[in-house]
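Engineer: First the structure, then my questions, so here it is.
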Ligand code: SF4
């Protein structure tokens, strides 16, 4: 019986010839990522060693990545103190993949990992963040875990009791029409299968639309796979993966690529023709409340956000800059742009996108999670509505339970910035 | 015997259980004060100590969807609540098992606030309604963590064995 992507990766990570969905395994971890919540991981890690008489030492400091992004620069003394504790721990343990609050190498964890070449095809990646699913874009099995689980990984170098997930195969065929983007594909899929449609499963992406998609688009799709409940999303690595790792991430060695076996067994197969897709909007307050744009166009909004690990990359900023060039953001709306990393910020500056966006009236803020999780910058007022390229619209997500968040692609966000209402980037139809 | 103190619907996200704006607070000893912070009435009762240990929250499908934040589990573990849901989102369920928060998967559960429940090894009995509902057992591998008293003692054991 053939193996799916995740079965192949877990077979390798457990030193077995084969594993199948439902098996319980203890895979070795290739990369363990945390952000500010490393402060909690640290607390739990020290707990593990309490009373053992052993020195608390991480299993492999070169395989741990810690990135400050959720609340940067710190919004409170509490956060700042936690960040300080983590910095001290990083130094004491010799953790090398540490990205502090900096303009040269800082940014959102799910952008920092790929752009630095920390993730490779076939890796097992765990992160104390649900959107760790993103890294499936590079052909890794990457999934979110809690802080205590991570403490256990820091101690043992493996994840205990992983049940090999079943896989849903999604085949995206056809070519994207103008102004329809990978974000629209993933929103459509979540709307179709629901917020729990892939719970405990992996979504494996295939088809012409995925093969032609660049790594940035694949990151968007794998990132949001968790919004359908998926343990992870994964794209079989290919020539594009190699290109990205070489040209963008600066990885010198040639990476091995592989796909699932032709006779792999899937729980379900879903086919989507992207050539028929329209821009999609996820309406409040669940990510699976997805409607084609025609049903919500005209809705007034007060805040537009372009950013996050979902859509804060250079191509996302480029889409917005091109649409806003020489124009003005409507006075009734504030537009906030958060480049996903310092590197993306600098590239966007070099290309003139930042100037264009600011001249149009957008506010460009430092790289980081920003308003995506509503603890820091860009909270909403009572009764306000936001339109955002981020990934969650849960009640209260942008810092106020008495507000609403709609999710969309960067093209929809930019078109709507010009009008102050939800607007179809394809023009009047 | 115990009572239902809160009845919720489907897709209760971690932003509802533990809003993101309190994420700077991480220690399990400090998180319970923000449990269901935007559910002001319930949160106030919890803080005043009006909710007895062992009380039950009943929810629908996909409880705990969203973020991996462990605060969402530790804030309910602190006051020793029990969550009975039709089913749970993956990371939340694993966090609960790791921390020893009691979670019960009960796909057919019917219960209202105030109902009296008895939870046995394989059933949730709703005494008020006079009905009982089957529990879906956790996989054996997960049960081992619960039996060890949570993931920290479980891993501690492993670390000690590794040094032998
Ligand atoms: S940008 Fe938003 S979704 Fe992404 S890691 Fe930050 S808080 Fe999470």
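Engineer: Can you report the number of residues in the stretch A:28-38 which are more than 16 Å from the ligand (Cβ to nearest atom) and outside any strand (DSSP E or B)?
Structural biologist: Of the residues in that region, 2 qualify.
Engineer: Quick one: is residue A:361 over 20 Å from the mean Cα position of the chain (by Cα) and closer than 25 Å to residue A:73 by Cβ?
Structural biologist: Numbers: over 20 Å from the mean Cα position of the chain (by Cα): yes; closer than 25 Å to residue A:73 by Cβ: yes.
For residue A:361, the condition - over 20 Å from the mean Cα position of the chain (by Cα) and closer than 25 Å to residue A:73 by Cβ - is met.
Engineer: Moving on to the next point. State the number of residues belonging to the stretch A:39-57 that are in a helix (DSSP H, G or I) and closer than 16 Å to residue A:157 by Cα. Even if it seems obvious, please write down each step before you answer.
Structural biologist: At the first step, the residues of the stretch A:39-57 found to be in a helix (DSSP H, G or I) are A:39-49.
Keeping just the survivors that are closer than 16 Å to residue A:157 by Cα gives A:41-42, A:44-46, A:48-49.
Number satisfying all stated conditions: 7.
Residues checked against (1) buried (at least 20 other Cβ atoms within 10 Å of the Cβ); (2) within 14 Å of chain B (Cβ to nearest Cβ); (3) within 16 Å of the ligand (Cβ to nearest atom):
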| position | (1), (2), (3) |
| --- | --- |
| A:211 | no, no, no |
| A:219 | yes, no, yes |
| A:223 | yes, yes, yes |
| A:241 | yes, no, no |
| A:254 | no, no, no |
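Engineer: Which residue out of B:67, B:74 is within 14 Å of chain A (Cβ to nearest Cβ), part of a loop (DSSP other than H, G, I, E, B) and crowded, with 22+ Cβ neighbours inside 10 Å?
Structural biologist: Details: B:74 fails: part of a loop (DSSP other than H, G, I, E, B).
One residue alone meets the criteria, B:67.
Engineer: Further, regarding this structure: Need pairs with beta-carbon distance below 8 Å; first residue away from chain B (no Cβ under 14 Å) and within the stretch A:353-379, second within 12 Å of the ligand (Cβ to nearest atom) and part of a helix (DSSP H, G or I); sequence gap 6+ or separate chains.
Structural biologist: none
Engineer: Of the residues that sit in the stretch A:293-307 and are in contact (Cβ under 8 Å) with a residue 60 or more places away in the chain and out of contact with any strand residue (DSSP E or B) (no Cβ under 7 Å at 6 or more places or on another chain), which one is surrounded by the most Cβ atoms within 10 Å (Cβ to Cβ)? Write out each step before concluding.
Structural biologist: Our first condition is that a residue be in contact (Cβ under 8 Å) with a residue 60 or more places away in the chain; within the stretch A:293-307, this holds for A:293-294, A:296-307.
Subsequent filtering for residues that are out of contact with any strand residue (DSSP E or B) (no Cβ under 7 Å at 6 or more places or on another chain) retains A:294, A:297.
Working: A:294: 12, A:297: 20.
Result: A:297.
Engineer: Residue check: is residue A:407 within 14 Å of chain B (Cβ to nearest Cβ), in contact with a strand residue (DSSP E or B) (Cβ under 9 Å, 6 or more places away or on another chain) and under 19 Å from residue A:294 (Cβ atoms)? Write out each step before concluding.
Structural biologist: Numbers: within 14 Å of chain B (Cβ to nearest Cβ): yes; in contact with a strand residue (DSSP E or B) (Cβ under 9 Å, 6 or more places away or on another chain): yes; under 19 Å from residue A:294 (Cβ atoms): yes.
For residue A:407, the condition - within 14 Å of chain B (Cβ to nearest Cβ), in contact with a strand residue (DSSP E or B) (Cβ under 9 Å, 6 or more places away or on another chain) and under 19 Å from residue A:294 (Cβ atoms) - is met.
Engineer: For the list (1) more than 15 Å from the ligand (Cβ to nearest atom); (2) modelled with pLDDT of 95 or more; (3) more than 14 Å from chain B (Cβ to nearest Cβ); (4) surrounded by fewer than 18 Cβ atoms within 10 Å (Cβ to Cβ), I need the number of the one condition that residue A:415 fails.
Structural biologist: The failed condition is (4).
Engineer: For the stretch A:122-132, does any single residue satisfy the condition of being within 15 Å of the ligand (Cβ to nearest atom), farther than 26 Å from residue A:56 by Cβ, surrounded by fewer than 24 Cβ atoms within 10 Å (Cβ to Cβ) and assigned by TED's automatic domain parsing to the domain that holds residue A:46?
Structural biologist: Initial filter on the stretch A:122-132 (within 15 Å of the ligand (Cβ to nearest atom)): A:125-132.
In the following step, the residues that additionally are farther than 26 Å from residue A:56 by Cβ were identified as A:130-131.
Those still in the list that are surrounded by fewer than 24 Cβ atoms within 10 Å (Cβ to Cβ) too: none.
So far as the stretch A:122-132 goes, no, none of its residues is within 15 Å of the ligand (Cβ to nearest atom), farther than 26 Å from residue A:56 by Cβ, surrounded by fewer than 24 Cβ atoms within 10 Å (Cβ to Cβ) and assigned by TED's automatic domain parsing to the domain that holds residue A:46.
Engineer: Let me confirm something: among B:142, B:158, B:90, which residue is surrounded by 22 or more Cβ atoms within 10 Å (Cβ to Cβ), within 12 Å of chain A (Cβ to nearest Cβ) and at pLDDT below 95? If you could, list the steps in order and put the result at the bottom.
Structural biologist: On the way: B:142 fails: surrounded by 22 or more Cβ atoms within 10 Å (Cβ to Cβ); B:158 fails: surrounded by 22 or more Cβ atoms within 10 Å (Cβ to Cβ).
Result: B:90 is the single residue among B:142, B:158, B:90 that is surrounded by 22 or more Cβ atoms within 10 Å (Cβ to Cβ), within 12 Å of chain A (Cβ to nearest Cβ) and at pLDDT below 95.
Engineer: Does residue A:88 count as out of contact with any strand residue (DSSP E or B) (no Cβ under 9 Å at 6 or more places or on another chain), more than 17 Å from residue A:152 (Cα to Cα) and assigned by TED's automatic domain parsing to the domain that holds residue A:120? Lay out the reasoning, then the answer.
Structural biologist: Values: out of contact with any strand residue (DSSP E or B) (no Cβ under 9 Å at 6 or more places or on another chain): yes; more than 17 Å from residue A:152 (Cα to Cα): yes; assigned by TED's automatic domain parsing to the domain that holds residue A:120: yes.
Yes; evaluated as a whole, the condition is true for this residue.
Engineer: Next question, about the same structure. I need the full set of residues from the stretch B:1-34 which are more than 14 Å from every other protein chain (Cβ to nearest Cβ) and out of contact with any strand residue (DSSP E or B) (no Cβ under 9 Å at 6 or more places or on another chain), in order please. Working first, answer last.
Structural biologist: Of the stretch B:1-34, the ones more than 14 Å from every other protein chain (Cβ to nearest Cβ) are B:1-7, B:32.
Passing the criteria: only B:32.
Engineer: Now for a separate question. Checking residue A:113 against (1) crowded, with 24+ Cβ neighbours inside 10 Å; (2) under 24 Å from the mean Cα position of the chain (by Cα); (3) away from the ligand (no atom under 16 Å from the Cβ), only one condition comes out false. Which one?
Structural biologist: Every listed condition holds for residue A:113 apart from (3).
Engineer: A further question on this structure: Do you know which residues across the stretch A:82-105 are assigned to a helix (DSSP H, G or I) and either within 16 Å of the ligand (Cβ to nearest atom) or under 19 Å from residue A:128 (Cβ atoms) (or both)? Step through it out loud before you land on a result.
Structural biologist: Filtering the stretch A:82-105 down to residues assigned to a helix (DSSP H, G or I) leaves A:82-93.
A:82, A:83, A:84, A:85, A:86, A:87, A:88, A:89, A:90, A:93, listed by residue number.
Engineer: Would you check which residues across the stretch A:41-68 are farther than 16 Å from residue B:26 by Cα and within 16 Å of the ligand (Cβ to nearest atom) and list them?
Structural biologist: Of everything in the stretch A:41-68, those that are farther than 16 Å from residue B:26 by Cα and within 16 Å of the ligand (Cβ to nearest atom) turn out to be A:65, A:66, A:67.
Engineer: Just one of the numbered conditions (1) within 18 Å of residue A:302 (Cβ to Cβ); (2) surrounded by fewer than 19 Cβ atoms within 10 Å (Cβ to Cβ) is not true of residue A:337; which one?
Structural biologist: Result: residue A:337 fails condition (2) only.
Engineer: On to the next question. Got a sec? Which helices (runs of 4 or more DSSP H) wholly within the stretch A:193-245 have at least 3 residues that are on the phi < 0 side of the Ramachandran plot and within 17 Å of the chain's Cα centre (by Cα)? Step through it out loud before you land on a result.
Structural biologist: Details: elements: A:208-211, A:215-224, A:239-243.
Helices (runs of 4 or more DSSP H) meeting the threshold: A:215-224.
Engineer: With B:46, B:101 as the choices, which residue is away from chain A (no Cβ under 14 Å) and closer than 20 Å to residue B:23 by Cα?
Structural biologist: Values: B:101 fails: away from chain A (no Cβ under 14 Å).
Matching residue, one of B:46, B:101: B:46.
The values are calculated or read from the model by the stated rules, or taken from the named source; none is laboratory data. The structure presented is a predicted model; accordingly, all values stated were derived computationally and were not measured. Reconstructed Cβ throughout: ideal geometry from the backbone, glycine too, with neighbour counts over all protein chains shown.
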